[in-house]
Amino acid sequence: MDEKKVIAVIGATGAQGGGVCRAILKDAGGRTRVRALTRNAGSDKARELKMLGAEVVEVDIDDVESLKRAFRGAHGAFCVTFFWEHFSPEKELAEAKNMADAAKHAGVRHVIWSTLEDTRKLVPLYDSRMPTLMEKYKVPHFDAKGEANRFFSERGLPTTFLLTSFYWENLIHFGMGPKRGEDGNLYITLPMGDRKLPGIASEDIGKCAYGIFRKGSEFIGKTVGIAGDHLTGGQMAAALTKALGFEILYNAVSLEVFRGFGFPGADDLGNMFQFKRDFESDFCGARSLGFSRALNPAMQTFETWLAENVGHIPIDIGSRQASGE
Ligand SMILES: NC(=O)c1ccc[n+]([C@@H]2O[C@H](COP(=O)([O-])OP(=O)(O)OC[C@H]3O[C@@H](n4cnc5c(N)ncnc54)[C@H](OP(=O)(O)O)[C@@H]3O)[C@@H](O)[C@H]2O)c1
């Protein structure tokens, strides 16, 4: 009889959920097995997880009945929402509520909810330091996740609230890699001034989450934050310079300039960086490096992540101005 406990993982073909699946699958002697949840069991990524030993089950997080089926018999559930698929905090709230309802219905014994701070607790809507967005939010993709915490706690679900950090993969996939400025130099651009940005290799989120599941009840009811490094833009540029072998400078643009870059979500991300900048000690303090490494001894630093990934970072050598000032 298979006595291994099932952990159901939302977003199994994505960054966070994929990391959780791989962490469980690599621990062959472990006491858990993984149920990888995806909208399409026939996709290449889903079939790869199946080949590695995962049970693959189809789900749509907008359909609570499909979530109830997907969580049936599961001991644990890793829950994450996908703001950048739709840019709607209301949809994110509804999806988190679906997950909490389904976990309650299925009697899940340990939920990890991948959340972020509700920034309105420190910057209320009337606070004019940063613009209010969509009438109800300061940082929509943070605030909705933080607001959604209550769906898990109000239902009395045994939940660990996991605060994640800026993925360094944003340098690869999110257009944040070095770009050539008008002066001919290469820059990474962040509106963080000289403040530190907690960052993480996205794969490590899954390893930390698995570390939390392995601890049993220790972190149930708790909020835990994780990061691999806390670095200033200048320190990130210096690490990039060392890894690439040519100079990358830090372009510390103003928040107004960043919010005005015009790409979808620039205002949301501008406010996010302002929150991280203005509340540096709270934000970094909630993401202890020592604690993260205790959960996941293989935790990568920016330098070790770069050693593996620097070749994937696109370098925009065009003439587009990086500074925008
Ligand atoms: N980028 C950052 O620096 C950062 C940092 C912290 C937190 N976050 C947060 O991370 C979240 C995204 O997580 P991620 O990076 O792991 O996402 P991701 O890599 O973009 O993966 C998204 C996965 O979600 C699945 N999915 C999308 N819509 C779905 C639906 N309706 N039902 C079921 N599955 C669905 C897709 O799988 P299938 O196509 O196989 O269904 C896809 O593989 C966002 O909310 C973001 O705010 C991001």
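Among LYS4, LYS26, which is touching a residue at least 24 places away in the same chain (Cβ under 8 Å) and among the basic types (Lys, Arg)?
Going through LYS4, LYS26 in turn, just one is touching a residue at least 24 places away in the same chain (Cβ under 8 Å) and among the basic types (Lys, Arg): LYS4.
Inside segment 127-141, can you point out the residues that are outside any loop (DSSP other than H, G, I, E, B) and either surrounded by fewer than 13 Cβ atoms within 10 Å (Cβ to Cβ) or not aliphatic (A, V, I, L, M) (or both)?
If the condition is that a residue be outside any loop (DSSP other than H, G, I, E, B) and either surrounded by fewer than 13 Cβ atoms within 10 Å (Cβ to Cβ) or not aliphatic (A, V, I, L, M) (or both), then TYR137, PRO140, HIS141 are the ones that fit.
Considering only residues that are among the charged types (D, E, K, R), part of a loop (DSSP other than H, G, I, E, B) and away from the ligand (no atom under 11 Å from the Cβ), which ones fall in segment 12-71? Give the derivation first.
Pass one, segment 12-71, residues among the charged types (D, E, K, R): 22, 26-27, 31, 33, 35, 39, 44-45, 47-48, 50, 55, 58, 60, 62-63, 65, 68-69.
Restricting the remaining residues to those that are part of a loop (DSSP other than H, G, I, E, B) gives 27, 31, 39, 60, 62-63.
Those that are among the charged types (D, E, K, R), part of a loop (DSSP other than H, G, I, E, B) and away from the ligand (no atom under 11 Å from the Cβ): ASP27, ARG31.
Name the single residue, out of those in segment 167-183 being surrounded by 21 or more Cβ atoms within 10 Å (Cβ to Cβ) and not basic (Lys, Arg), that is farthest from the ligand (Cβ to nearest atom).
PRO178
Return the residues of segment 116-144 that are acidic (Asp, Glu) and under 18 Å from THR164 (Cβ atoms); say none if nothing qualifies.
GLU117, ASP118, ASP143 - these are the residues of segment 116-144 that are acidic (Asp, Glu) and under 18 Å from THR164 (Cβ atoms).
Name the strands (runs of 3 or more DSSP E) wholly inside segment 166-270 in which the number of residues that are in contact with a Pro (Cβ under 6 Å, 6 or more places away or on another chain) and at negative phi is 1 or more.
It comes to 186-190, 229-231, 248-252.
Can you tell me how many residues in segment 123-147 are at positive phi and out of contact with any helix residue (DSSP H, G or I) (no Cβ under 8 Å at 6 or more places or on another chain)?
Residues flagged as at positive phi and out of contact with any helix residue (DSSP H, G or I) (no Cβ under 8 Å at 6 or more places or on another chain) within segment 123-147 amount to 1.
Might you check whether a residue that is under 28 Å from LYS207 (Cβ atoms) and within 16 Å of the ligand (Cβ to nearest atom) occurs anywhere in segment 119-136? Don't jump to the end; show me each part of the working.
Going residue by residue through segment 119-136, those that are under 28 Å from LYS207 (Cβ atoms) are 119.
Next, from what is left, pick out any that are within 16 Å of the ligand (Cβ to nearest atom): 119.
The answer is yes; a qualifying residue exists.
Determine which member of the set ALA201, ALA238 is over 22 Å from ALA298 (Cβ atoms) and out of contact with any Ser or Thr (no Cβ under 6 Å at 6 or more places or on another chain).
The unique qualifying residue is ALA238.
State yes or no: is LEU186 under 25 Å from GLY211 (Cα atoms), in contact with an Asp or Glu (Cβ under 8 Å, 6 or more places away or on another chain) and surrounded by 15 or more Cβ atoms within 10 Å (Cβ to Cβ)?
No, not satisfied.
Within the group ARG150, ARG120, ARG109, which residue is in contact with a helix residue (DSSP H, G or I) (Cβ under 7 Å, 6 or more places away or on another chain) and of a type outside the set (A, V, I, L, M, F, W, C)?
ARG120
Test ASP204 against the criterion of being under 15 Å from the mean Cα position of the chain (by Cα) and farther than 22 Å from GLY18 by Cα, and give yes or no.
no
Quick grid of which residues meet (1) surrounded by fewer than 24 Cβ atoms within 10 Å (Cβ to Cβ); (2) modelled with pLDDT of 95 or more:
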residue	(1), (2)
LYS5	yes, yes
GLY14	yes, yes
GLY17	no, yes
ALA23	no, yes
ALA28	yes, no
ALA36	no, yes
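When segment 194-223 is examined, which residues are found to be of a type outside the set (Lys, Arg) and within 14 Å of the ligand (Cβ to nearest atom)?
Selection gives LEU197, PRO198, GLY199, ILE200, ALA201, SER202, GLU203, ASP204, ILE205, GLY206, CYS208, ALA209.
The values are calculated or read from the model by the stated rules, or taken from the named source; none is laboratory data. Here the structure is a predicted model, which is why all the values come from computation and not from measurement. When we count neighbours, we look across all protein chains shown, and the Cβ atoms used for this are built from the backbone with ideal geometry, even at glycine.
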